[in-house]
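The structure appears right after this line, and notes come after that.
The values are calculated or read from the model by the stated rules, or taken from the named source; none is laboratory data. On a predicted model such as this, the values are computed, not experimentally measured, just so you know. A quick note on method: Cβ atoms are made from the backbone with ideal geometry, for glycine too, and the neighbour counts reach across all protein chains shown. The protein model used for the area step is the full one, side chains on, heavy atoms only, and it has no ligands, DNA or RNA in it. Shrake-Rupley method; radii C 1.70, N 1.55, O 1.52, S 1.80 Å.
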Amino acid sequence: MTLRSPVTAEPYLCEVAEDVYAYIQPDGGWCLNNAGLITSGGRPALIDTAATEARTRALREAVAAVTPRAPRFVVNTHPHGDHTFGNRFFADEAVIVSHEATRAEMDFAGLHLTGLWPEVCWGDVSVELPSLTYRGALTLHLGDTQAELMHLGTAHTRNDTMVWLPRQRVLFTGDVVMSGATPFCLTGSISGSLDVIERLRSLDPETVVSGHGPVGGPELLDETAGYLRYVQRLAAEGTAAGLTPLEVAQEAGAGPYACLLDSERLVPNLHRAFAEAHGAEPGHWLDIEKLFSEMVAFHGGLPACAA
């Protein structure tokens with residue numbers, strides 16, 4: 001079952017500050033991620049790549065249209081394939097950078113994502129692992145721009161990287177924050193995401209480039225946090241009523257967040273919230289295959305992926 005029409009809008013590159021760009025892939029649903037580009041001082045850095053060979057080649061063309069030099073660095077904000085499968089198309093010129101646990105998870109997961117949507121034309125993608133990793137924080141000096149890479153705790157995954165440009169007050173959040181799409185904590189944490197978002201709020205960003213969807217401002221932090229608190233409330237009510245996460249999702253439907261893409265993510269999000277309400281640590285292992293299959297059941301079929 002497909003709940004929305006096929007995506008027809010073309011990806012686009014928009015300048016969000018001097019020498020800083022967001023690459024947006026509408027509509028921001030499954031595997032249609034955003035990327036970022038910093039061109040200061042002629043030492044470009046790219047934040048994330050894309051899911052398929054064709055989409056990554058389009059990203060390369062967009063980068064080449066604004067800077068004559070290929071990216072010197074590629075930063076992966078987290079291990080999921082829509083943000084990393086395009087690494088190999090930049091690896092000859094760039095150093096690929098990530099949190100150390102992102103590298104390990106990419107190596108473990110391999111091309112698993114391609115098996116979830118076999119009808120997608122993935123092209124000649126592969127897993128190109130980062131060659132430079134960090135633990136707590138790392139700063140890239142790109143001309144007169146400092147790009148601060150931060151791991152603030154378990155959120156979308158257990159190893160998210162946010163990229164903060166303090167001079168431009170631009171924040172690249174990866175999938176910790178979504179814009180017009182449902183947040184997703186399948187392998188991360190509801191409570192951890194809320195904690196990380198509060199720490200991001202303290203940076204006082206002017207521009208927020210989320211992992212999916214249109215560029216915004218700090219209101220994107222509020223919108224993501226509001227949804228996650230809603231999930232926590234549903235989990236508390238469902239626990240009191242003796243319901244399962246899937247039953248809670250079926251009763252609630254899309255609810256007040258019907259406007260967000262990919263509402264079926266409510267099911268795994270509720271599983272996370274239930275587990276944390278019962279004392280599980282953020283990022284605690286859950287049966288991911290079971291969570292994904294329940295999400296598919298709630299949706300009535302595999303969600304559409306327009307990659």
All-pairs Cα distance distribution in segment 2-140, expressed in whole percent, bin size 10 Å: 12, 44, 34, 9, 0
Per-residue counts of other Cβ atoms within 10 Å, averaged by peptide: what ranking do you get for 171-178, 18-25, 36-43, highest first? 171-178, 18-25, 36-43
What nm distance separates the two modelled labels at residue 139 and residue 239, each placed 7 Å from Cα along Cα→Cβ? 4.1
Would you mind counting up the charge near residue 201? Only other residues with Cβ under 15 Å from its Cβ, with Lys and Arg at +1 and Asp and Glu at -1. -4
Can you give the net charge of the other residues whose Cβ lies under 10 Å from the Cβ of residue 142, counting K and R as +1 and D and E as -1? 0
Dipole in debye (nearest 20) - segment 1-112, about Cα centre, beta carbon charges: Lys, Arg +1; Asp, Glu -1: 140
Expressed in nanometres to one decimal, the distance between label points 7 Å along Cα→Cβ at residue 107 and residue 167 is 3.5
Please tell me the relative contact order of segment 105-200 in percent, rounded to the nearest whole number, where contacts are Cα pairs under 8 Å and at least six residues apart. 20
For a quick check: with amide H placed at 1.01 Å from N, whose amide H comes under 5 Å from residue 123's, ignoring anything fewer than 5 positions away on the same chain? 53
Output ³J(HN,Hα) for segment 286-292: one whole-Hz value per residue in order, computed from phi by the Karplus curve 6.51 cos²θ - 1.76 cosθ + 1.60 with θ = phi - 60°, and x for Gly and Pro. 10, 6, 5, 4, 5, 4, 5
Relative contact order %, the chain, counting alpha carbon pairs below 8 Å whose residues are six or more apart: 18
Taking only Cα atoms and a 10 Å spring cutoff, compute GNM fluctuations for the chain and point out the largest among 228, 270, 286. 286
In debye to the nearest 20, how big a dipole does the chain give about its Cα centre with +1 on each Lys and Arg Cβ and -1 on each Asp and Glu Cβ? 340
Which whole-number percent is the relative contact order of segment 152-307 (Cα, under 8 Å, 6+ apart)? 26
Considering only 194, 165, 116, give the residue with the highest GNM mean-square fluctuation for the chain, with springs between Cα atoms whenever their separation is below 10 Å. 116
Segment 200-245 to segment 94-135: how many Å between their Cα centroids? 26
Share of Cα-Cα pairs in the chain beyond 24 Å, whole percent, is 48
With Cα springs under 10 Å, the Gaussian network model of the chain assigns the largest mean-square fluctuation among 225, 35, 62 to 62
Using 7 Å Cα-to-Cβ label points, what is the residue 126/residue 67 separation (nm, one decimal)? 2.5
Cα gyration tensor shape for segment 96-248, rounded if a/c is under 1.5, else prolate or oblate: oblate
Expressed per residue, the solvent accessible area of segment 187-307 in Å² (1.4 Å probe) is about 42
Which residue, chosen from 113, 87, 142, occupies the Cα position most advanced towards the positive end of the dipole of segment 46-150, where the dipole is computed from +1 (Lys, Arg) and -1 (Asp, Glu) charges on Cβ about the Cα centre? 142
